Structures are given as C-alpha cells and as structure tokens.
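*Asks:* Sharing a structure with you now.
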Amino acid sequence: MNKNLCIIPARGGSKRIPRKNIKDFLGKPIIAYSIEAAIQSNLFDEIMVSTDDEEIAEVARKYGATIPFMRSADTANDFAPLADVTSEVIGGYLKLEQQFIYVCCILPTAPLITQDNLKKGLDLLIEKKADSVKPVVRFSYPIQRALRLKNGQTEMFYPEYKLARSQDLEPAYHDAGQFYWMRFEKGLRGSEKIGFEIPAAQVQDIDSEEDWRIAEIKYQALDFNKK
C-alpha cells in the first residue's frame, strides 16, 4: 500500500473564467503551480489530475502529473461537490487495486500554496487523528458587523452587535480554498474535520479577472518559492 495520493481536480468547463485551470499565470498554466508544489513537497507517492478535458490532461502530464483515468460527466458539471469528485477518484484507484493511507486534494487554481502548509496539514491529520484537515483564513473585518444593502439603505445583519467593540467580537474564518487532507477510506465525508489558520497574504479566491490580477500581484510581492 502506498502512503499519500495527491488529487488535483480540473474540469474543462469553467464558466466565469474560460479555460481557467490552464490559463496563463505569470508565464505558465495556473495548474502547474499546484502540480509543482505537490512534486516539490516530496509528500506524495502519486500526483494525479482528475479531468474530463484532453487539453488539461496534456498540460498536467507535461508538468509531471499522471492521468490514470478520466473524470466522468457526473462529476464534471457545475454542481458536483468536491466530496463526490474525490470519492470517484478513490473508487477509481480501488478498481485498479491500488490503495493509499492519506489523500490530499489540491485545487488547480492555488498558486499561493506552500510546501510548509501542505506538510503542516498532513502532520495535523495524523497528530489529531482527524478525518480531514484544511487551511482557513481569518475574515479581515468582524462578520458580526456585516451590513446588507437594500435600495441604497444599509442595515446590520446582527444589530445586537451595533455597539460592540471590534476587539471584543469572536474572530471568524473561511476556507482558504487551497487543499484538503483526508483519510483514503473516508474521503471528505468524515465527521472529524479540523482547520488551521494561514496568513491572508497567502490566500486569494480566484473567481473573476480582478481576482486573477490580485493573485498575480500577491505572488510577485511575496516572491513565493513554495517553501
């Protein structure tokens, strides 16, 4: 039995940013950063890309990933949850009579991912005996002071916190959207899910052209070397 499998899910039908997973990011396809981070971490026995797209498969192979089988149409649509994608891949390896102990699903648009964070996630998965681990990032402003905008008028979502000081409010976090460690036998459906905080400078959701430019600026400003 091998120890660690890396899954990089990259379907071909991105809507908001066409061909997003292989779009050029500072000189190479953005998926290359995820593949190279996985390779350079020396954590994985196999690094595979789950895709329904032959062009993405070709790019993935060029940068060192494998494509042992193609992704099904059922998990290549806009609505398939990541848990279904990873479960399909795990099932595919079981059909090939291959098993692993741990799995890391790295998203294909995560150029700010670091080797240190990947290793920390695995260490926590083992140390805490968790089912899955993911990096999270703190909201920069207290969510308890969030506003809704109706016809130009503002009102608080939580008016009970109107007079509360920001420093007295509990910090809130959101998924960093980079990677998810899990146990092979459970995938992302286990109940013991834990997270660890990473700096906001290392995180950028990429859903628009503006997001893309911000991610490039962060990458250049921080001079990432995948440490």
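*Asks:* Roughly what angle does helix 30-41 make with the longest principal axis of the chain, taking Cα atoms, 0 to 90 degrees, to the nearest 10?
*Replies:* Tilt relative to the chain: about 70 degrees.
*Asks:* Same structure again: Counting only Cα, what are the radius of gyration and maximum Cα-Cα distance Dmax of the range 1-134, in Å?
*Replies:* Computed over the Cα atoms of the range 1-134, radius of gyration and Dmax are 14.2, 40 Å.
*Asks:* Relative to the present Cα-Cα distance, how much length would full extension add between D168 and I143 at 0.36 nm per residue of separation?
*Replies:* 7.8 nm
*Asks:* If the cut-off is a Cα-Cα distance under 26 Å, which lysines reach K162, setting aside same-chain residues fewer than 8 apart in sequence?
*Replies:* Counting by Cα, and skipping residues close in sequence, K162 has these lysines nearby: K150.
*Asks:* Which one, T51, S34, A130, projects farthest toward the positive side of the charge dipole computed for the chain from Cβ point charges (K/R +1, D/E -1)?
*Replies:* The residue sitting most towards the positive pole is A130.
*Asks:* Give me T154, T109 ranked fewest to most by other Cβ atoms within 10 Å of their Cβ, as a rough exposure proxy.
*Replies:* T154, T109
*Asks:* Using the Cα centre of the chain as the reference point, and only Cβ charges (+1 on K/R, -1 on D/E), how large is the resulting charge dipole? Debye, rounded to the nearest 20.
*Replies:* It works out to roughly 380 debye.
*Asks:* Count the DSSP beta bridges whose two residues both fall in the range 79-227, then state the antiparallel fraction as a percent rounded to the nearest 5.
*Replies:* Of all bridge pairs located within the range 79-227, approximately 75 percent are antiparallel.
*Asks:* For the chain, what is the mean residue ellipticity at 222 nm derived from helices alone (per DSSP H run of n ≥ 4: -39500 (n - 2.57); sum divided by total residues; nearest 500 deg cm²/dmol)?
*Replies:* Theoretical 222 nm ellipticity from helices: -8500 deg cm²/dmol.
*Asks:* How much of the pair distance distribution for the range 75-203 lies past 20 Å, counting alpha-carbon pairs only, in percent?
*Replies:* In whole percent, the share of Cα-Cα pairs in the range 75-203 beyond 20 Å is 57.
*Asks:* For K134, which aspartates and glutamates qualify as cross-link partners when the Cα separation must be under 16 Å and same-chain residues fewer than eight apart are set aside?
*Replies:* In chain and number order, the partners are D116, D123, D175, E192, E197, D205.
*Asks:* Can you tell me the order of 12-23, 38-49, 159-170 when each peptide is scored by its average per-residue count of other Cβ atoms within 10 angstrom, highest first?
*Replies:* 38-49, 12-23, 159-170
*Asks:* Please report, for the Cα atoms of the chain, the Rg to one decimal and the Dmax as a whole number; what are they, in angstrom?
*Replies:* Spelled out, the Cα radius of gyration and Dmax of the chain are 18.9, 60 Å.
*Asks:* Per residue and in cubic angstrom, what volume does the convex hull of the Cα atoms of the range 156-221 have?
*Replies:* 186
Bear in mind that the values in this text are calculations on the coordinates, not laboratory data. Everything numeric in this text was worked out from a predicted model, so none of it was measured. Here the Cβ is made from the backbone with ideal geometry for all residues, glycine too, and neighbour counts use every protein chain on show.
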